[in-house]
Amino acid sequence: MSTADQIVVEQHDLAGCTVVDLDGRLDARTYGILRDSLIKLAIEQPRALLVRADRLEVTSTSALTVFSAVWMRINQWPAVPMVLVTGDEQQRRLIDFSGVRRYVPTYSSLVDALDAIEEPPQRRRHTADFPPIPASSHAARAFVRETCRDWNVVARLEDALGVASELIENAVTHAGTELELRVELRLGYLTIAVRDQNSKQAVLRQSAQGRLSGYGLQVVAALSLAWGCSPTLGGGKVVWAVLSLVPHRLATFTV
């Protein structure tokens, strides 16, 4: 297979991590392909992403910012660490010059990278499947309420119920596919995520009058520390929101 004008992304599992082997050219045309491929792999929540870039042809330092962009998309959720692995000295100098190391650690060997990966924080996770019908919103609220009570999560319960309702209703209206609701607890953060099989991204849009449309996502944005929409393996997407369980919340932002 020729990789002169494309990028090839292959992966395999190693000690709970996903090792990603890159081959081909990283440029403006393949930037988005690589970005989305890495995000999709992170959504599956391996222990870490170990990205081997020795065979990657880098056309410019600006192209390397794809790794910073991926880090920004996965840092809040699914909160999977990502590292770069390359033994090529010239490539390592380009990575240093690009500033990517501020976000993504770089190692010269897979062994060194694996040794540096810390054990991930403990996650508690419950999932449930729902059909794309209006009644699923009520059922999703009941599922989130029961899950939070099982975990003794009292703070932000009403907010979590509101986020779950809005995400499910939005997916029923716009995706129209079978839905998976995921509730996750990690280090004082509660995540509500809804996965569907429609690749169309969920976004807040502005009307001609400058007002936001998509009321449900406004609610999600207002209640969450961070929210976003990420592509998934198989062609669908997951829309997620992270709620802080600590008293003082940071300003909401979208990734």
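No lab work stands behind these numbers, since they all come straight from the coordinates. Not measured: the values here are computed from a predicted model. Here Cβ is always computed from backbone atoms with ideal geometry, including for glycine, and neighbour counts include all displayed protein chains.
This model, with +1 at the C-beta of Lys and Arg and -1 at the C-beta of Asp and Glu, gives the chain a dipole about its Cα centre of some 820 debye. Selection among 165, 221, 175 by position relative to the dipole of segment 124-254 gives 221 as farthest towards the positive end (Cβ unit charges, Cα centre). In the frame of its principal axes, segment 72-164 has Cα extents of 57, 26, 23 Å, reported largest first. On the basis of the beta-carbon distance and an R0 of 22 Å, residue 146 and residue 173 show a calculated FRET efficiency of 0.35.
Helix-only estimate, please: 222 nm mean residue ellipticity of the chain, summing -39500 (n - 2.57) across DSSP H runs of length 4 or more and dividing by its residues, to the nearest 500. Could the numbers behind the result be given before it?
On the way: 7 runs with 82 residues, N = 255.
So the helix-based figure for the chain works out to -10000 deg cm²/dmol.
Ranked highest first by the average count of other Cβ atoms within 10 Å around their residues, in what order do 237-244, 143-150, 96-103 fall? Intermediate results must be reported in sequence, preceding the final value.
On the way: 237-244: 23.1, 143-150: 17.2, 96-103: 14.2.
Put in order of decreasing packing, that is 237-244, 143-150, 96-103.
Can you tell me which of 108-120, 43-55 comes out highest on packing, and rank the rest after it, using the mean Cβ neighbours within 10 Å? Write down the numbers at each step before the final one.
Values: 108-120: 13.6, 43-55: 20.2.
My ranking of the peptides, most packed first, is 43-55, 108-120.
If the Kirkwood radius is taken over C-alpha pairs of segment 124-254, then at 4 °C and 1.567 mPa s the Stokes-Einstein diffusion coefficient equals 88 µm²/s. Among residues other than residue 69 with Cβ under 15 Å from its Cβ, the summed charge is +3 (Lys and Arg +1, Asp and Glu -1). Inverting the pair-averaged 1/r between distinct Cα atoms of segment 7-116 gives 13.6 Å as its Kirkwood hydrodynamic radius.
In this simple spin-label approximation, residue 112 and residue 96 carry label points 7 Å from Cα along the Cα→Cβ vector, and these lie 1.2 nm apart. Residues of segment 23-41 with the amide nitrogen closer than 17 Å to a label point 7 Å from the Cα of residue 75, along Cα-to-Cβ, please. So the set is 39. Stokes-Einstein diffusion coefficient for the chain at 10 °C in a medium of 1.306 mPa s, Rh from the Kirkwood formula over Cα pairs: what value in µm²/s? Result for D is 82 µm²/s. For the chain, the residue among 117, 204, 231 whose Cα projects farthest onto the positive side of the dipole built from Cβ charges is 204. The magnitude of the dipole of segment 124-254, with charges of +1 and -1 set on the Cβ of Lys/Arg and Asp/Glu and taken from the Cα centre, is near 320 debye. Note on residue 199 and residue 245: the model spin-label points, each 7 Å out from Cα along the C-beta direction, lie 3.7 nm apart. 3J(HN,Hα) couplings calculated from phi for segment 142-149 with the Karplus curve 6.51 cos²θ - 1.76 cosθ + 1.60 (θ = phi - 60°) are, in sequence order, 5, 5, 5, 4, 5, 5, 5, 5 Hz; Gly and Pro show x.
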